[in-house]
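**Q** A single structure is presented below for examination.
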Amino acid sequence: MLSFIGRSFVQKIITLFFVSIVSFLIIHLAPGKPSQVDPMNPKFTPEVVERFRKEFHLDKPLYVQYVYFYQDLFTGKTVSWKDNQSVLKKIWERFLNSLPLFIVGTLLTWTLSFPVGIRSAIFRKGIFDRTATFLSYLLISIPGFFFAYVLIIFVVTRFHVPVIGMVTFGIGDASIPYILMDRIWHMLLPSVLVATGGIAVLSRYVRSQMLEVEGQDYIRTARAKGLPPEQVHYKHALRNALLPFVTMFGLILPGLIGGSVIIESIFSWPGMGRMAYEAILARDYPIILTVNFVSAVLVLAGTFISDLLYLIVDPRIRL
Amino acid sequence: MADDNRLISVQGLKVYFRSGHACARAVDGVSFEVRKKETVCIVGESGCGKTVSALSILGLVTTPPGEIIDGRIVFAGQNLLELSEKEMQKIRGNHIAMVFQEPLTSLNPVFTIGDQISEAVRIHKKIGAESLREKCIRLLKDVGIPAPEQRLEDYPHQLSGGQRQRVMIAMALACDPDLIIADEPTTALDVTVQAQILELFGAIQKKQSMSILYITHDLGVVAAIADRVYVMYAGMIAEQGNTEQIFRNARHPYTQGLLASLPSLSKRGKRLYSIPGSVPNPAYKPAGCPFHPRCPHKAPSCSTEYPKMCDYGQGHLARCPILFQDKGHHT
């Protein structure tokens with residue numbers, strides 16, 4: 001057990017090292033240079049560009065830049081090239097903005113997908129299953145941005161509440177319940193959008209997983225014992241059907257930092273996804289690379305957690 | 001045939017499987033019975049409908065696509081086919097238990113052996129935790145599992161194939177059922193383990209005086225354990241009788257073919273007999289006698305008339321009027 005954790009930890013560190021190299025190279029291979037994002041801007045005189053390149057070590061060979069960058073990152077000194085602010089601080093602020101959206105969206109997705117998927121599988125080809133299947137495919141095929149606009153128009157015209165951004169601009173001195181409601185209204189649509197897409201996909205997975213397990217011999221054994229259907233489905237079948245989702249559960253973690261670029265852009269939500277997107281447009285390497293590195297860490301941590309969870313839930317996996 | 005000695009009797013059972021426009025008549029008018037304290041074998045090739053017949057008894061045929069079209073299954077004075085799902089749950093495991101073919105996949109991989117056995121007891125009987133544990137240990141001991149106290153905490157993958165089948169049998173025995181249906185319980189096991197399991201069935205039956213309905217394709221197993229035998233072919237009972245009658249005096253060409261294709265020392269060096277042709281697809285069975293395309297004794301009437309059961313006396317019946325006439329059994 002301990003040796004498994006140790007071995008796995010070392011493996012993850014090595015993987016992380018390679019990820020850092022590859023992402024660094026990819027960023028530098030991408031067309032465009034940080035110093036030339038806006039060549040028409042009269043402020044970018046050759047002298048300024050030259051100073052900029054010197055300042056951020058862009059005139060040095062790549063491997064030196066690599067060392068400089070990760071040295072800064074680990075000492076927490078990385079700054080954005082755009083506004084000279086600390087990258088970690090910027091990310092942390094954006095992260096706090098994204099977090100409620102992520103939590104509500106994930107909770108909705110995982111708590112609703114399972115009942116829907118399980119019910120679909122148990123009453124296969126019934127009315128419920130057909131409806132759920134139709135709605136899932138509908139939601140999967142409708143582009144998120146289009147669905148978002150439909151929802152915005154509906155909510156704004158029907159309930160007359162503002163939904164863009166995190167708070168209504170200039171709400172400052174309103175009463176606390178009012179501010180709270182305002183927050184909730186603003187959060188509602190983006191999280192519902194995050195969740196609908198998630199539910200549509202995840203409930204399909206749950207359904208197919210459940211159907212596969214229901215066809216297994218041990219389910220027939222359970223029925224032959226005289227167990228009532230609830231115990232057959234929710235004890236014998238569900239417990240086995242859940243196993244693959246342990247893997248998916250571990251992969252939720254990276255979603256923390258990725259956020260949802262499209263949804264955050266539509267709702268002008270100042271979250272992680274939008275920051276990363278804007279940083280890419282501005283060739284703001286420190287932000288891009290830091291976001292990249294942190295999400296790599298989260299992916300590896302997520303797989304590590306799901307490995308550990310497997311140990312607990314699947315008796316066939318022992319060390 | 002004394003009526004009161006009958007434990008279960010299946011009468012004219014028809015189970016069809018529909019898929020699209022095709023309809024596979026897997027079981028097509030099958031009747032058989034099991035008497036008290038008797039071991040009955042249903043023998044036949046894969047796909048002849050023997051497993052489906054057994055599953056219908058417990059109401060475990062997956063519907064759709066399967067559908068029980070017709071027939072009665074009389075057990076303890078009631079027709080099982082008319083019972084509700086709730087009432088069937090009380091029969092399953094409690095009065096009629098089943099042991100399946102694949103011990104590797106028939107046990108739930110994520111629960112311990114102890115869990116799965118005690119569950120079978122708990123569902124039908126009120127029993128305290130301590131005596132439940134004792135009961136499980138005794139059951140495992142009965143089926144010959146060494147160190148049962150430790151085995152209770154084991155998961156199925158930690159046991160060998162033979163041990164898993166023993167656990168399955170222990171589960172089936174959990175509520176002292178009147179009938180155990182064993183669906184090819186030794187097919188997936190190697191021969192020495194098979195012999196042990198067969199021995200175990202014999203011992204259990206002697207000790208607990210229950211009936212066993214044993215489904216197999218292995219005539220060697222039949223000879224070893226059966227009191228009476230039903231030979232099935234393409235959804236029908238081709239021949240029935242006691243073991244002696246079937247093995248010494250087979251009256252159906254299919255049974256005769258099966259027996260002729262058994263290897264034995266006296267046939268050493270010679271080519272084994274094989275029945276020509278192959279089992280018909282249950283969705284496209286030939287008209288008349290389903291066996292006639294492969295039958296060495298076929299007559300013109302075989303392809304048009306469904307064969308009648310012919311009575312040879314003392315419970316020996318065969319569904320072949322042609323051989324019946326040849327032997328001069330006119331009545």
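**Q** Against the conditions (1) surrounded by 21 or more Cβ atoms within 10 Å (Cβ to Cβ); (2) on the phi > 0 side of the Ramachandran plot; (3) away from every other protein chain (no Cβ under 14 Å), where does residue A:285 fall short? Just the number, please.
**A** Of (1) surrounded by 21 or more Cβ atoms within 10 Å (Cβ to Cβ); (2) on the phi > 0 side of the Ramachandran plot; (3) away from every other protein chain (no Cβ under 14 Å), only one is false for residue A:285: (2).
**Q** Here's a follow-up. Just to be sure I understand, how many residues within region B:251-271 are in contact with a Leu (Cβ under 8 Å, 6 or more places away or on another chain) and free of Cβ contacts under 8 Å to residues at least 12 places away in the same chain?
**A** So the answer is 1.
**Q** Moving on to the next point. If I filter region B:74-81 for residues that are surrounded by 18 or more Cβ atoms within 10 Å (Cβ to Cβ) and of a type in the set (Val, Ile, Thr), do I get at least one hit?
**A** Scanning region B:74-81, I find no residue that is surrounded by 18 or more Cβ atoms within 10 Å (Cβ to Cβ) and of a type in the set (Val, Ile, Thr), so the answer is no.
**Q** Another question about this same structure. All but one of (1) surrounded by fewer than 16 Cβ atoms within 10 Å (Cβ to Cβ); (2) closer than 30 Å to residue A:21 by Cα; (3) within 14 Å of another protein chain (Cβ to nearest Cβ) hold for residue A:301; state the number of the condition that does not hold.
**A** In the conditions (1) surrounded by fewer than 16 Cβ atoms within 10 Å (Cβ to Cβ); (2) closer than 30 Å to residue A:21 by Cα; (3) within 14 Å of another protein chain (Cβ to nearest Cβ), residue A:301 misses (3) alone.
**Q** Pick out the one residue from A:104, A:150, A:87 that is of a type in the set (A, V, I, L, M, F, W, C) and not assigned by TED's automatic domain parsing to the domain that holds residue A:211.
**A** Within the list A:104, A:150, A:87, the selection yields A:87.
**Q** Oh, and also: If residue B:130 satisfies every condition in (1) more than 8 Å from chain A (Cβ to nearest Cβ); (2) at pLDDT 90 or above; (3) part of a helix (DSSP H, G or I) but one, which is the exception?
**A** (2)
**Q** Taking region B:101-115 as the region of interest, how many residues are part of a helix (DSSP H, G or I) and facing another protein chain (nearest Cβ under 7 Å)?
**A** Applying the first criterion (part of a helix (DSSP H, G or I)) to region B:101-115 yields B:103-106, B:113-115.
Among the residues that remain, those that are also facing another protein chain (nearest Cβ under 7 Å) are: B:105-106.
Total meeting the criteria: 2.
**Q** Please work out which one of (1) surrounded by fewer than 19 Cβ atoms within 10 Å (Cβ to Cβ); (2) within 7 Å of another protein chain (Cβ to nearest Cβ); (3) at pLDDT below 90 is the condition residue B:120 fails and give its number.
**A** For residue B:120, the exception is condition (1).
**Q** Here's another thing I want to ask about it. Could you count how many residues in region B:89-100 are under 20 Å from the mean Cα position of the chain (by Cα), at the interface with chain A (Cβ under 8 Å from one of its Cβ atoms) and not in a strand (DSSP E or B)? Explain how you work it out, then say what you get.
**A** Initially, region B:89-100 is screened for residues under 20 Å from the mean Cα position of the chain (by Cα), giving B:91-100.
Remaining after also requiring at the interface with chain A (Cβ under 8 Å from one of its Cβ atoms): B:91-94, B:97-98, B:100.
Next, from what is left, pick out any that are not in a strand (DSSP E or B): B:91, B:93-94, B:100.
Number of matching residues: 4.
**Q** Kindly provide the set of residues from region B:133-147 that are part of a helix (DSSP H, G or I) and of a type in the set (A, V, I, L, M), ordered by number.
**A** Restricting attention to region B:133-147, the residues satisfying the condition of being part of a helix (DSSP H, G or I) are B:133-142.
Listed by number, the residues that qualify are B:137, B:139, B:140.
**Q** Which residues, taken from region B:189-242, are closer than 27 Å to residue B:167 by Cβ and among the β-branched types (Val, Ile, Thr)?
**A** The answer is B:191, B:192, B:193, B:197, B:204, B:212, B:215, B:216, B:221, B:222, B:225.
**Q** Can you pull out the residues in region A:221-263 that are touching a Leu at 6+ places or on another chain (Cβ under 9 Å), closer than 22 Å to residue B:107 by Cβ and more than 11 Å from chain B (Cβ to nearest Cβ)?
**A** Within region A:221-263, A:246 is the sole residue that qualifies.
**Q** Please go through region A:81-106 and pick out each residue that is closer than 30 Å to residue A:238 by Cα and free of Cβ contacts under 8 Å to residues at least 60 places away in the same chain.
**A** A:103
**Q** Checking residue B:189 against (1) at pLDDT 90 or above; (2) more than 11 Å from chain A (Cβ to nearest Cβ), which single condition isn't satisfied?
**A** It fails just one condition, (1).
**Q** Please state which of the following conditions residue A:31 fails to meet, knowing it meets all the rest: (1) over 14 Å from residue A:286 (Cβ atoms); (2) within 29 Å of the chain's Cα centre (by Cα); (3) at pLDDT 80 or above; (4) not polar (S, T, N, Q).
**A** Single failed check for residue A:31: (3).
**Q** Here is a follow-up. Any chance you could count how many residues in region A:1-19 are among the hydroxyl-bearing types (Ser, Thr, Tyr) and within 22 Å of the chain's Cα centre (by Cα)?
**A** Residues that pass the stated criteria total 1.
**Q** Same structure, new question: Would you check which residues across region B:113-159 are small (Gly, Ala, Ser) and free of Cβ contacts under 8 Å to residues at least 12 places away in the same chain and list them?
**A** B:128, B:129, B:131, B:147
**Q** Follow-up. Of all residues in region A:303-319 being in contact with a Phe, Trp or Tyr (Cβ under 9 Å, 6 or more places away or on another chain), in a helix (DSSP H, G or I) and more than 17 Å from residue A:10 (Cα to Cα), which is modelled with the lowest pLDDT?
**A** A:311
**Q** Scan region B:221-249 residue by residue and report those that are closer than 19 Å to residue B:276 by Cβ and without any contact (Cβ under 8 Å) to a residue 24 or more places away in the chain.
**A** Hits for region B:221-249: nothing passes.
**Q** Can you spot a residue in region B:49-72 that is within 8 Å of another protein chain (Cβ to nearest Cβ), part of a loop (DSSP other than H, G, I, E, B) and modelled with pLDDT of 90 or more?
**A** yes
**Q** So residue B:278 passes all but one of these: (1) more than 21 Å from residue B:47 (Cβ to Cβ); (2) modelled with pLDDT under 85; (3) loosely packed, with under 10 Cβ neighbours inside 10 Å. Which condition number does it fail?
**A** Of everything listed in (1) more than 21 Å from residue B:47 (Cβ to Cβ); (2) modelled with pLDDT under 85; (3) loosely packed, with under 10 Cβ neighbours inside 10 Å, residue B:278 misses just condition (1).
**Q** Right, next: Could you say whether any residue in region A:183-200 is farther than 30 Å from residue A:153 by Cβ, away from every other protein chain (no Cβ under 14 Å) and surrounded by fewer than 17 Cβ atoms within 10 Å (Cβ to Cβ)?
**A** Among the residues of region A:183-200, not one is farther than 30 Å from residue A:153 by Cβ, away from every other protein chain (no Cβ under 14 Å) and surrounded by fewer than 17 Cβ atoms within 10 Å (Cβ to Cβ), which makes the answer no.
**Q** Among the residues of region B:138-147, which ones are of a type outside the set (Lys, Arg), within 16 Å of residue B:173 (Cβ to Cβ) and surrounded by fewer than 20 Cβ atoms within 10 Å (Cβ to Cβ)?
**A** Of everything in region B:138-147, those that are of a type outside the set (Lys, Arg), within 16 Å of residue B:173 (Cβ to Cβ) and surrounded by fewer than 20 Cβ atoms within 10 Å (Cβ to Cβ) turn out to be B:142, B:144.
**Q** Restricting attention to region B:76-88, which residues are touching a residue at least 12 places away in the same chain (Cβ under 8 Å) and more than 14 Å from chain A (Cβ to nearest Cβ)? Walk me through how you get there before you give the answer.
**A** Step one: filter region B:76-88 for residues touching a residue at least 12 places away in the same chain (Cβ under 8 Å), giving B:76, B:80-81, B:83, B:85, B:88.
Within region B:76-88, B:76, B:81 meet the criteria.
**Q** Would you mind finding the one in A:17, A:69 that is exposed (fewer than 15 other Cβ atoms within 10 Å of the Cβ) and modelled with pLDDT of 85 or more?
**A** Criteria check complete, one pass: A:17.
**Q** Need the failing condition index for residue B:181 against (1) in contact with a helix residue (DSSP H, G or I) (Cβ under 8 Å, 6 or more places away or on another chain); (2) assigned to a helix (DSSP H, G or I), just the number.
**A** So the condition that residue B:181 fails would be (2).
**Q** Show me the helices (runs of 4 or more DSSP H) found entirely inside region A:37-129 where at least 1 residues are over 27 Å from the mean Cα position of the chain (by Cα) and aromatic (Phe, Trp, Tyr).
**A** A:46-55, A:62-75
The values are calculated or read from the model by the stated rules, or taken from the named source; none is laboratory data. Computed from a predicted structure; not experimentally measured. We place every Cβ from the backbone using ideal geometry, glycine too, and count neighbours over all the protein chains shown.
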